1. Between the alpha-carbon centers of the stretch 216-267 and the stretch 150-170, tell me the distance in whole angstrom.
2. If we count other beta carbons within 10 Å of each Cβ, what is the order of 257, 210, 117, fewest first?
3. In terms of the ratio Rg/(2.2 N^0.38 Å) built on C-alpha atoms, what value belongs to the stretch 21-329?
4. Taking other Cβ within 10 Å of each residue's Cβ, how do 22, 280, 221 sort, fewest first?
5. Using the Kirkwood radius over C-alpha pairs as Rh, can you work out the diffusion coefficient of the stretch 65-165 via Stokes-Einstein at 4 °C, viscosity 1.567 mPa s, in µm² per second?
6. Ranking 86, 116, 192 by Cβ neighbours within 10 Å, fewest first, what do you get?
Amino acid sequence: MTPSASRSYSTPESTDGTVTRHPLRGFLFIAGAALFWGISATLGRAVFTGRFLPGGEAMRPVDPLILAQSRTTFSLLVLVPILLLFRGRRSLAVGRSELVRFMVLGTLGLAASNYFYYLAIQQTTVATAIILQYIAPVFVLLWMIGTRQQRATPQRIAGVILAVFGCVLAIGVVARISGAPYLWVTGGTVKFNVIGVVAALIAAVSFAFYNVYGRKLVAAHDRWTVITYAFFGAAAAWLLINPPWRIVAAQYSLGQYLFLVVFAVLSVLIPFSLYFAGLHHLDATRAIVTSCLEPVFAIVIAAIALGEGVNGLQVIGIVVVLAATVLVQVPERGKTATPLEPIE
């Protein structure tokens, strides 16, 4: 499949053959992906507390490593039959070089970000891992500026800084201690060690990588083909990390496997389909800043569905993230940005 042939499947083109982007549509796609990631985060917490199941009966916990692995594996097993049914075998036909690129995206992007994020949580805390992972917008902006794909405008820099700062506040690691004149990091929420910090930073780099490289691929190829083989690359990498016999040895019930399938669809298949659709219309910096809505949605959904409290600083963080996502979407003065710029 040649790039020009694959582009005709899913990339909007005008009558003169130029590719057109719709920033608002891209924002809505990626915001939708963040919404599903927020839903899946709440679902993951609820099912293990018993509040998800009828009668309040808790499900036996699933190993987080297997939970992370099953997301891409089951997504692949669901997606392939659907594509074969509605689009035929030709939609999955790719050359060897394209296959390698798609699998690199899945391995070094999806699987690596997932695995090292899990490792960071294991070695430190969830708060530490999230804080460091959401440095990814900084990496994306530095790459785009360093490769001269974007300029270091005040608007872009401010948007990235606000997104990172807002995420730090939103996840609740900073609080005002009564009687203290300043804000403090709450005890026990942040924990540093070398392995955990390095793992979280690698997760952030991987997150940034699949934004930049994924956008390059979907600009030239059918996004469904890219997603399918990215999932395949991620699933293959996970099998090396956690072989099938370890999963069998866990002896999970049918109910647990059904949950894993549903969780895979909600946390990977739907959101990544939306995310890669959004990459057609947004540059990597706008896309990754918009993805910072994920913790915002997770906090709001958990507060509504699980009754989890939200403090004033978290509300401020939510507002800051929202402001950052709006700021980076606003066209810069003197720029219309309708055609999708070529990506080398």
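Just so you know, all these numbers are worked out from the coordinates, no wet-lab data involved. Here the structure is a predicted model, which is why all the values come from computation and not from measurement. No Cβ is skipped: glycine too gets one built from the backbone with ideal geometry, and neighbour counts run over all protein chains shown.
1. 32
2. On the way: 257 14, 210 28, 117 23.
If I rank by nearby Cβ atoms, fewest first, I get 257, 117, 210.
3. On the way: Rg = 19.3 Å, N = 309, 2.2 N^0.38 = 19.4 Å.
Its radius of gyration relative to the 2.2 N^0.38 Å reference: 0.99.
4. By the 10 Å Cβ count, ascending: 22, 280, 221.
5. 77
6. 86, 192, 116
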